[in-house]
1. Just to verify a result, which residue in region 130-171, among those that are farther than 21 Å from MET108 by Cβ and in a loop (DSSP other than H, G, I, E, B), is most open to solvent (accessible area, probe 1.4 Å)?
2. Quick test of your reading of the structure: ALA174 fulfils all but one of (1) touching a helix residue (DSSP H, G or I) at 6+ places or on another chain (Cβ under 8 Å); (2) open to solvent by less than 70 Å² (accessible area, probe 1.4 Å); (3) hydrophobic (A, V, I, L, M, F, W, C); (4) assigned to a helix (DSSP H, G or I). Name the failing condition by number.
3. Modelled with pLDDT of 90 or more and outside any helix (DSSP H, G or I) - does that describe any residue in region 93-105?
Amino acid sequence: MKNSGMTIFAAAIAVFCLQACHSNKDSKATADSTNKANDVTSKPANDIATATGMTTDSQDAKFAVEAANGGMAEVMLSRLAQDKGSGKVKDFGAMMVMDHRKANNELMTLAKGKNITLPSVVGADEQKYFNDLSKKSGEDFDKAYIQLMIDDHKNDIKVFDDASKNLKDPDLKAFADKTLPTLKMHLSSIVKIDSALKK
């Protein structure tokens, strides 16, 4: 009878873990689908539910979701760099936490005013990067973190540059315009750190 109870307990834990992983995986997708459902910009004026409807379209909201997910991931990964990185990597991590927290807060305020739903936790890919990175230390940590930051910032610059050119919402476009130079500076900084460590 004890074994039966333990089996039920283990099964309950497994279900909880699967649900937690599933909700984490779907956080970004859930925000996107919520925003799509709340997109009232193309509906007739008499159908608009101003209490829940967004004041921007779902494509612009998709940028906000991606930017929020990326910003949360940058802070999470860079906190690790502050703890586990060496020298310039640790300093870069501190700069990243400060800059991305500021941008994240600005984006949250902007999204709230437009009824845009943002993800509450990072997506599954970003969580995997964090889990993998947290197992590393010393030079292995520095190399892995640097490569993540280079790849991530190249992608971020592309996303923000595209947003800067194509967003319809003037406030989100201004956010992309304002944030883009900081992202480019981050990429330049981490590339220099990478080059210095390879010498």
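The values are calculated or read from the model by the stated rules, or taken from the named source; none is laboratory data. Since the model is a prediction, treat every value here as computed from it, not as a measurement. Cβ atoms come from the backbone with ideal geometry, glycine included; neighbour counts cover every protein chain shown. For the accessible areas, the whole protein counts, side chains as well, though only heavy atoms, and no ligand, DNA or RNA atoms are used. Shrake-Rupley method; radii C 1.70, N 1.55, O 1.52, S 1.80 Å.
1. Once the filter is applied, the top-ranked residue is LYS135.
2. (1)
3. Let us first name the residues in region 93-105 that are modelled with pLDDT of 90 or more, namely 93-105.
Add one more test, that the residue is outside any helix (DSSP H, G or I), and what stays is none.
For region 93-105, residues modelled with pLDDT of 90 or more and outside any helix (DSSP H, G or I): absent.
This table checks each residue for (1) surrounded by fewer than 19 Cβ atoms within 10 Å (Cβ to Cβ); (2) within 20 Å of SER164 (Cβ to Cβ).
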| residue | (1), (2) |
| --- | --- |
| GLN59 | yes, yes |
| ASN69 | no, yes |
| ALA81 | no, no |
| GLY87 | yes, no |
| MET95 | yes, no |
| GLU106 | yes, yes |
| LEU118 | no, yes |
| VAL121 | yes, no |
